[in-house]
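Everything on this sheet refers to the single structure shown next.
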Amino acid sequence: MNMKKISIISLAVTLLMVLAVSCSDVKRTPGKDYMPDMRYSRAYETYSASPIFRDGQTNREPVAGTVKRGDVYPFHLTKDAAGDTANYYASRAVKSPLPAMNETEMKEAERLYLINCAICHGPKLDGNGPLWNGGDGPFPAKPATLVGDAKYENMPEGQMYYSTTYGKNLMGSYASQLQPKERWMVITYIKSKQKPAAAVVAAAAAAAATATDTTAAAKK
Ligand code: HEC
């Protein structure tokens, strides 16, 4: 027998042995569990039934006032009733929890405004969007003139947030369309559009003051 034959035979024998072992019908014992309390959770599984809670569910809602990681500081005022209520006026004192927005965030806020609000309040925030269209549109109520009406120019951001969250007369709530952060972003955008008018006045006053100063300096 040469070496080649020997190796072929020994390979065949090995294969046969492997086959014989793997095809055994001897019932194997289950493996040992190492730390079974880690393998099988002792806590209730998320969607399993729970005998502890009245609704029978293990899944719980977050406790009221819970702040999700990365979420903005919650708005604590609830809608106490429809109309100009105590909480509607209390909202005047609430400040936006957002830090100053950069250009990208402002662009995103503008996009959200154009999608959700401009149809009524107008892309120019003049209260004349296509749904109102100077009274010829299908919407029955005149949307607030966010830019150009002192009432809304002076409206504190918190109160705008209240109305955007809970609705105001014929304007519905935007709580299900926009996240709290997005609502604040849209309001910051509206406020940024309102400011320029005041800023223009301030700039004009400053220019006038400089002009006076120059004259004063020239006179000296
Ligand atoms: C379907 C039309 C419509 C859309 C869309 C709409 N609004 Fe209004 N909005 C109105 C009307 C109408 C009023 C005037 C309500 C009143 O005082 O009777 C109003 C009033 C307001 C006011 C003043 C609230 C107050 O307290 O007087 C703010 C602020 C405002 N809207 C913001 C928004 C923002 C922000 C959006 C988008 C997220 C939006 N609106 C989308 C119709 C709309």
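Throughout, read-outs are computed from the coordinates displayed, never taken from laboratory work. Given the structure is predicted, the values throughout are model-derived calculations rather than measurements. Here the Cβ is made from the backbone with ideal geometry for all residues, glycine too, and neighbour counts use every protein chain on show.
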>> Can you return the aspartates and glutamates within cross-link range of LYS79? Criterion is Cα-Cα under 20 Å, with same-chain partners fewer than 8 residues away left out.
In response: GLU157, GLU182
> Using all Cα-Cα distances in region 86-209, what percent lands in each 5 angstrom bin from 0 up to the longest?
Replying inline: 2, 11, 19, 23, 21, 13, 7, 3, 1, 0
> Once phi is turned into ³J(HN,Hα) by the Karplus curve 6.51 cos²θ - 1.76 cosθ + 1.60 with θ = phi - 60°, what whole-Hz value does each residue of region 58-63 show in order, with x for glycine and proline?
Replying inline: 7, 4, 10, 7, x, 4
> Which peptide among 80-92, 149-161, 29-41 comes first, and what is the full order, when sorted by highest mean count of other Cβ atoms within 10 Å?
Replying inline: 149-161, 80-92, 29-41
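Which peptide among 179-185, 131-137, 114-120 comes first, and what is the full order, when sorted by highest mean count of other Cβ atoms within 10 Å?
On the way: 179-185: 19.3, 131-137: 12.6, 114-120: 17.1.
Going by the mean number of other Cβ atoms within 10 Å, highest first, we get 179-185, 114-120, 131-137.
Nearest 0.05, what FRET efficiency do THR58 and PHE139 give at R0 = 35 Å with Cβ-Cβ as r?
On the way: r = 46 Å, r/R0 = 1.30.
So, using R0 = 35 Å, E works out to roughly 0.15.
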> If each of SER192 and SER176 carries a label point 7 Å out from its Cα toward its Cβ, how far apart are those two points in nm?
Replying inline: 3.0 nm
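Let me check I've understood the local charge: for ARG111, count other residues with C-beta under 15 angstrom from its C-beta, Lys and Arg +1, Asp and Glu -1. What total comes out? Before the final figure, lay out the partial values.
Details: positive: LYS107, LYS181, ARG183, LYS193; negative: GLU103, GLU105, GLU108, GLU110, GLU182.
So the surrounding residues net to -1.
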